[in-house]
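**Student:** Sharing a structure below in structure tokens format, with a few things to ask.
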Amino acid sequence: MDVSNVNPFLQACTLVLPQLGFSSVKKVNLTVSSKVNAQGVAVSVGIIGDIKGTVVYNFSEDNAKKIASKMMMGMEVAVFDDMAQSAISELTNMLTANASIEFSKIGKNINISTPTLVTGKELGIKVSSNKVLVVEMEADGVAFIVNIGIDGDAWILGIFFRKRKKRRIF
């Protein structure tokens, strides 16, 4: 996958989450999968424009409640109800919209769909791309996953090494 199609999503996490009160946001792990394997809460956002694809944010229900609580100024979230679901949907909207701003800075214009939130155990989500980059993240120790599937992206694992110029995944 072209690094320039990944970094905007990771940059969005490091820009948006601190505005919500998280002090430490970091990438924990990076893998490739053929589909999104989600547990708990998954929010899908479609991408169209200069690049096309899907980003699926995944949270355990407990971590979704912790993040929703932080977004609601520390109000306790004991149940993942409509209010908590709305907060998580809005978070993913903010993250993906911010990624679209980052894309525009590198000359790629994209539009995003409204978030679609689903809950359940062992959710298998097939997106339109052949492969999904699975980025495990943490915000103040609260784990979540950003699954990035870009249509038509090169998925040769050695692609980063073929290019003469070193490019860093954020």
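The values are calculated or read from the model by the stated rules, or taken from the named source; none is laboratory data. Keep in mind that this is a model prediction, so the values were computed, not measured. Here the Cβ positions follow ideal geometry from the backbone for every residue, glycine too, while neighbour counts run over all protein chains shown. Please note that ligands, DNA and RNA were not included when accessible areas were found on the heavy atoms of the full protein model with its side chains. Shrake-Rupley method; radii C 1.70, N 1.55, O 1.52, S 1.80 Å.
**Student:** Local charge sum around A143 (other residues, Cβ-Cβ under 11 Å, Lys/Arg +1, Asp/Glu -1)? It would help to have the intermediate numbers written out before the result.
**Tutor:** Working: positive: K26, K66; negative: D62, E136, E138, D140.
My count for the surroundings of A143 gives -2.
**Student:** What ranking do 129-141, 68-80, 18-30 get when scored by the average of other Cβ atoms within 10 Å per residue, highest first? Before the final figure, lay out the partial values.
**Tutor:** Working: 129-141: 18.4, 68-80: 14.5, 18-30: 12.8.
Highest to lowest by the protection proxy: 129-141, 68-80, 18-30.
**Student:** Let me ask another. Output the direction-averaged projected area (hull surface divided by four) of the convex hull of the alpha-carbon atoms of segment 1-100, in nm². Can you show the working numbers first?
**Tutor:** Numbers: hull surface 26.9 nm².
Mean orientational projected area (segment 1-100, Cα hull): 6.7 nm².
**Student:** Which one, (i) 16.2; (ii) 18.8; (iii) 17.2, gives Kirkwood radius over Cα pairs in Å as derived from the coordinates shown?
**Tutor:** Derived directly from the coordinates: (i).
**Student:** In addition: Considering only protein heavy atoms and a probe of 1.4 Å, how much of the accessible area of the chain is carbon and sulfur, as a whole percent?
**Tutor:** 51
**Student:** Between their Cα atoms, which of K27/K121; K26/K131; K52/K108; K66/K131; K65/K121 are more than 21 Å away from each other? Before the final figure, lay out each step's value.
**Tutor:** Values: K27/K121 24 Å; K26/K131 23 Å; K52/K108 11 Å; K66/K131 30 Å; K65/K121 16 Å.
Over 21 Å Cα-Cα: K27/K121; K26/K131; K66/K131.
**Student:** What full-extension length gain, to one decimal in nm, is calculated for K26 and S86 as 0.36 nm per residue of separation minus the Cα-Cα distance? Each step should come with its number before you reach the end.
**Tutor:** Numbers: separation 60, 0.36 × 60 = 21.60 nm, distance 2.41 nm.
Result for the pair: 19.2 nm of gain on full extension.
**Student:** Counting Lys and Arg as +1 and Asp and Glu as -1, what is the net charge of the other residues whose Cβ lies under 15 Å from the Cβ of Q39?
**Tutor:** Once all neighbours under 15 Å are counted, the net charge is -1.
**Student:** In addition: Mean projection of the alpha-carbon convex hull of segment 21-75 over all orientations, in nm²?
**Tutor:** On the way: hull surface 21.8 nm².
Convex hull of Cα atoms, orientation-averaged projection: 5.5 nm².
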